[in-house]
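The values are calculated or read from the model by the stated rules, or taken from the named source; none is laboratory data. Given the structure is predicted, the values throughout are model-derived calculations rather than measurements. A quick note on method: Cβ atoms are made from the backbone with ideal geometry, for glycine too, and the neighbour counts reach across all protein chains shown. Remember, those area values only see protein heavy atoms, side chains included, never the ligands or the DNA or RNA. Shrake-Rupley method; radii C 1.70, N 1.55, O 1.52, S 1.80 Å.
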Amino acid sequence: MENRADPDQRERSGPRETTHKSKETRPNDSAQSNAAPAHLPRVRPRLVFHTQLAHGSPTGKIEGFTNVKELYTKIAEVFNISPTEILFCTLNTHKVDMQKLLGGQIGLEDFIFAHVRGETKEVEITKTEDALGLTITDNGAGYAFIKRIKESSITDRLKIVNVGDNIEAINDQTIVGCRHYEVAKMLRELPKSETFTLRLVQPKRAFDMIGQRGKPNKCEGKMSSGKETLRLRNKGMATLEELPSNGEEEATCKVDDLLESYMGIRDMELATTLVETAKERTTPEDFGRGLDNLLGEFAFPAEFILEVWEAINRADK
């Protein structure tokens, strides 16, 4: 054993010296023994998630992903398809349910359904009003798609356009790789009375998967089934985190509602990021500069920044 003294050394030292050394070293040995566990590396849990293709497939298992793109790659490997075939994922339902989209959080017991490319279609739209009535989100891996269609809007009258459709191109200009807020800005800046073309890709569906057109709802919340969730980011590593506090969740919901009302987008991950950025800033102006650094050239309106700042601070109190 490593902690035993060498017999030859014990004989040379003599019993008195050996006894004396033992008394001196015993407390240190005990301290080292107690301190040793603190230096052991924390063992990360092995996170395994179950997944299926939404239109029907066997169940597969995925693990080892650290961000959204890697998650899509892992799912694609299980079902022997290209990651670019996956439009978006839902949690715990195979239906095109926009309230159960996989966003920035996955509960540790959530079941992941992947919705893949179906038929491609083109539709001409005349912009007779300032707003098209679309709420847009993206899958975090380069695809923007329709999350909600406002009732009685321009788009609602075009029955060929549905919730869950991926927007692949605007007037033959591909938008693959664009974030949803960039797509929303392009659509908003189209001149009024102009006719333009959308190329859409609908998710592949089984016979029983026809979804309803989404009506405007309040904050859609996070899907989770335990005290901890896996937080996914478009950039950087995934982290295992505690669920947000009531104040943080309230602030995030309010920001998500503001994103839809101002920008025509919904994104709980982006809303969470805005809340986190605001907490690191001391003034609305500083908050605005932080968003510029975060989102690059895309700029939120000044009134939006101020309202988000006020909403977050009201929720914290």
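Among the residues of region 140-181, which ones are basic (Lys, Arg) and touching a residue at least 24 places away in the same chain (Cβ under 8 Å)?
Result: LYS147, ARG148, LYS150, ARG179.
Here is a check on your reading of the model: is ASP156 open to solvent by less than 30 Å² (accessible area, probe 1.4 Å) and out of contact with any His (no Cβ under 8 Å at 6 or more places or on another chain)? Working first, answer last.
On the way: open to solvent by less than 30 Å² (accessible area, probe 1.4 Å): yes; out of contact with any His (no Cβ under 8 Å at 6 or more places or on another chain): yes.
Yes; evaluated as a whole, the condition is true for this residue.
Here's a check for you: in region 174-194, which residue that is closer than 20 Å to THR120 by Cα and surrounded by fewer than 12 Cβ atoms within 10 Å (Cβ to Cβ) is modelled with the highest pLDDT?
Applying the filter and picking the extreme gives THR174.
Mind listing whichever residues of region 165-197 are of a type outside the set (D, E, K, R) and under 19 Å from VAL116 (Cα atoms)?
Residues satisfying the conditions are ASN166, ILE167, ALA169, THR174, ILE175, VAL176, GLY177, CYS178, HIS180.
For region 115-146, what are the residues that are modelled with pLDDT of 90 or more, charged (D, E, K, R) and open to solvent by 10 Å² or more (accessible area, probe 1.4 Å)?
Residues satisfying the conditions are ARG117, GLU119, LYS121, GLU122, GLU124.
I'd like to know if region 60-68 contains one or more residues that are acidic (Asp, Glu) and touching a strand residue (DSSP E or B) at 6+ places or on another chain (Cβ under 6 Å).
yes
Give region 122-175 a look and list any residue that's small (Gly, Ala, Ser) and either part of a loop (DSSP other than H, G, I, E, B) or out of contact with any helix residue (DSSP H, G or I) (no Cβ under 8 Å at 6 or more places or on another chain) (or both), or say none.
ALA131, GLY133, GLY140, ALA141, GLY142, SER152, SER153, GLY164, ALA169
Here are ASP156, ASP208: which of them is of a type in the set (D, E, K, R) and at pLDDT 90 or above?
After ruling out the rest, the residue left standing is ASP156.
Please go through region 50-99 and give me each residue that is open to solvent by 20 Å² or more (accessible area, probe 1.4 Å), closer than 21 Å to ALA144 by Cβ and β-branched (Val, Ile, Thr), ordered by number.
Result: THR73, ILE81, THR84.
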